[in-house]
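In what follows, a structure is listed as structure tokens, so that the remarks can point back to it.
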Amino acid sequence: MPAQRFDSPDDAVADIRDGATVLVGGFVSAGTPSNLIMALKRSGRTGLTAVANNIGLGDLLDELCEHRQLDRVIGTFAIRASGARTSRFEAQYRAGEAALELVPQGTLIERLRAGGAGLGGVLTKTGLGTMMAEGKQVLELDGEQWLLERPLRGDAALLKAWRADTLGNLQYRLAGKNFNPVMATAADLVIAEVEEIVEAGEIPPELVGTPAVYVDRIVQCEPIPVRWEG
Amino acid sequence: MADAPPIGLSRELIALRAARELEPGSVVNLGIGLPTLVAGFVDSADGIMFQAENGILGYAGVSESDFDSDLINAGGQPVDLVPGASFFDTAESFAMIRGGHIDAAVLGGLQVSARGDLANWYVPARGGGSVGGAMDLAVGARKLIVAMAHVTRDGEPRIVESCEYPLTAGRCVDVIITDLAVIDVRVDGLVLRETAPGISAEQVARWTGAPLQIPDVVPEMAL
């Protein structure tokens, strides 16, 4: 079925529920669904779990902490080594108002990939012998140890691509792919923000980064400028 | 003056020395912070390809031109590309990293132990942490270079018998480059390879919190 086209990001996220787990694509400023994040903020939904690479000072996702919409973050960059300036999320984490599950980046993407690809988990050496292995199963196969990491899925995924066609095929630009194509496979409701919507056939098939089969909703928006504060 | 650590190299010169450690034609990942400076010190004729976790193989140094939000390295800095660069998603990026396709990584460090354990993602006093791709790089890069200050701001050695901070990975570090020295991590322990200009081998040993083997001849770094 073709993706549904929405005129506003607010309408596109309107039925995400309180308590939902939301995958958020992007890496700092690249491929970040800025309008969908701000629409989720305006929706006022609470008790959310965000799965995203980074939530730090200057990241739009931190906006969701202004009104304490996030109960939990699963991500890779959260608390900086220097405490000179802190994010809203960090303040809420310290106050015990929001939880953090820190995951190595390569493990986070593989857990999402497993979640989207019908796999029961991933075996990796990343995290063996560290705090990341606490409470997890270690398997020994042919004399080698592997850490078992379980799949991860979302109720919804918020993605950013350069353009979509009317079916929902997505094309990315530059380093804008990052988490987006894998997150597209791993949520029940996949919403993509794009800069332009073109007719089916206008994106050359070999340049489709996310096939339409994964995409439920598309919305055309002018990206909100995001710049990391370093 | 035994109580004050000697003044060694600047961050830029540590990065320069780390850049000299890279093989021509190799594929290299640079961690956030000091290691990102390394890209500015390689000779483009050496054909080194820098890989960024967020999905670039073949970026040059930090870009001076207009900022494009979709063209950044893993530290969020705008970058330029070299001819032959490619883009890919995070799953492919970490297939490169864990799969042994990255020749070398330069990472920052909080502590390195005598057997090459690395701690660089979690400061106990701060909690929470930021791990990024560090654990995957520590496990997957063929050669791991740690570039860091030799001692903490409080004058405590960062090179220690055993890391007190939570580990990034065990037995992963090959070379430590600091403001005072270049130290190799070998199976039989830490070996001083070079000292910074004006720094003696004894000074390096004094500010190193683990046994340090000092060969008869220890050259000064050529910078």
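Tabulate in residue order the Karplus-calculated ³J(HN,Hα) for segment B:83-96, using 6.51 cos²θ - 1.76 cosθ + 1.60 with θ = phi - 60°, rounded to whole Hz; enter x for Gly and Pro.
Residue by residue, segment B:83-96 yields x, x, 5, 9, 10, 7, 8, 5, 4, 5, 4, 7, 5, 4 Hz.
Roughly how crowded by other chains is peptide B:27-36, in terms of the mean Cβ count from those chains within 10 Å of each of its Cβ atoms?
1
Relative contact order of chain B: what whole-number percent is it, with Cα pairs under 8 angstrom and at least 6 residues apart?
So the answer I get is 19 percent.
Non-local amide H neighbours of A:Thr21 (under 5 Å, H modeled in plane, Pro and chain starts lacking H): which ones?
A:Thr49, A:Asp155, A:Ala156
Under the rule a/c < 1.5 gives rounded, and otherwise a/b versus b/c splits prolate from oblate, where does the protein assembly as shown land using the Cα gyration tensor?
Because a/c hits 1.5 or more and a/b exceeds b/c, the protein assembly as shown counts as prolate.
Residue-wise, which Karplus ³J(HN,Hα) couplings in Hz belong to segment B:138-147, taking 6.51 cos²θ - 1.76 cosθ + 1.60, θ = phi - 60°, and x for glycine or proline?
5, 7, x, 5, 5, 10, 10, 10, 9, 10
Hey, what angle do you get for helix B:11-20 against the long axis of chain B, alpha-carbon based, 0 to 90 degrees rounded to 10?
Rounded to the nearest ten degrees, it is 70.
Return the percentage of antiparallel bridges among DSSP beta bridges fully within chain A, rounded to the nearest 5 %.
Rounded to the nearest five, the antiparallel share is 25 percent.
Among B:Glu53, B:Glu12, B:Glu64, which one shows the highest mean-square fluctuation when chain B is modelled as a Gaussian network with alpha-carbon springs under 10 Å?
Of B:Glu53, B:Glu12, B:Glu64, the most mobile in the Gaussian network model is B:Glu64.
At 222 nm, what helix-only mean residue ellipticity would chain B give, in deg cm²/dmol to the nearest 500, using -39500 (n - 2.57) for each DSSP H run of four or more?
The per-residue figure over chain B is -4000 deg cm²/dmol.
So which residue, out of A:Leu167, A:Leu123, A:Leu48, gets the largest mean-square fluctuation from a GNM of chain A using Cα contacts under 10 Å as springs?
The residue that fluctuates most here is A:Leu123.
Separation of segment B:176-209 and segment A:129-205 by C-alpha centroid, Å?
43 Å
What list do you get for A:Met1, A:Met38, B:Met148 if you sort them by fewest beta carbons within 10 Å?
The order, fewest Cβ neighbours first, is A:Met1, A:Met38, B:Met148.
Roughly how many whole Å is it from the C-alpha centroid of segment B:14-73 to that of segment A:96-126?
Their Cα centres are 27 Å away from one another.
Below 8 Å between Cα atoms, with a sequence gap of 6+, how large is the relative contact order for segment A:4-220 in percent?
The value is 24 percent.
With the Cα gyration tensor of segment A:78-168 giving a ≥ b ≥ c as the square roots of its eigenvalues, does the rule (a/c under 1.5 for rounded; else a/b larger than b/c for prolate; else oblate) give rounded, prolate or oblate?
It comes out oblate by the Cα gyration axes.
Just check chain A against the gyration tensor rule for me: Cα atoms, a ≥ b ≥ c as the square roots of the eigenvalues, rounded for a/c under 1.5, and otherwise prolate or oblate depending on whether a/b exceeds b/c.
Verdict is oblate for chain A.
Most fluctuating residue of B:Gly140, B:Gly108, B:Gly170 in a GNM of chain B with Cα springs under 10 Å: which is it?
So, out of B:Gly140, B:Gly108, B:Gly170, the one fluctuating most is B:Gly170.
Which of the peptides A:100-111, B:194-205 is most tightly packed, and how do the rest follow, judged by the mean count of other Cβ atoms within 10 Å per residue?
Per-residue mean Cβ counts within 10 Å order the peptides as A:100-111, B:194-205.
For segment A:10-36 and segment B:105-146, write down the distance between their C-alpha centroids in whole Å.
Their Cα centres are 31 Å away from one another.
Please give the average number of partner chain Cβ atoms lying within 10 Å of the Cβ of each residue in B:136-147, rounded to a whole number.
Taking the mean over all residues of the peptide, I get 3.
Is there a simple number for the mean count of other chain Cβ atoms within 10 Å of the Cβ of residues in A:106-115, and what is it?
Partner-chain Cβ atoms within 10 Å, mean over residues of A:106-115: 5.
Computed from the coordinates by the stated procedures, all read-outs in this text should not be read as laboratory data. Note that this is a predicted model, so its numbers are computed, not measured. Neighbour counts are summed over all protein chains in view; Cβ atoms, including those assigned to glycine, are modelled from backbone coordinates with ideal geometry.
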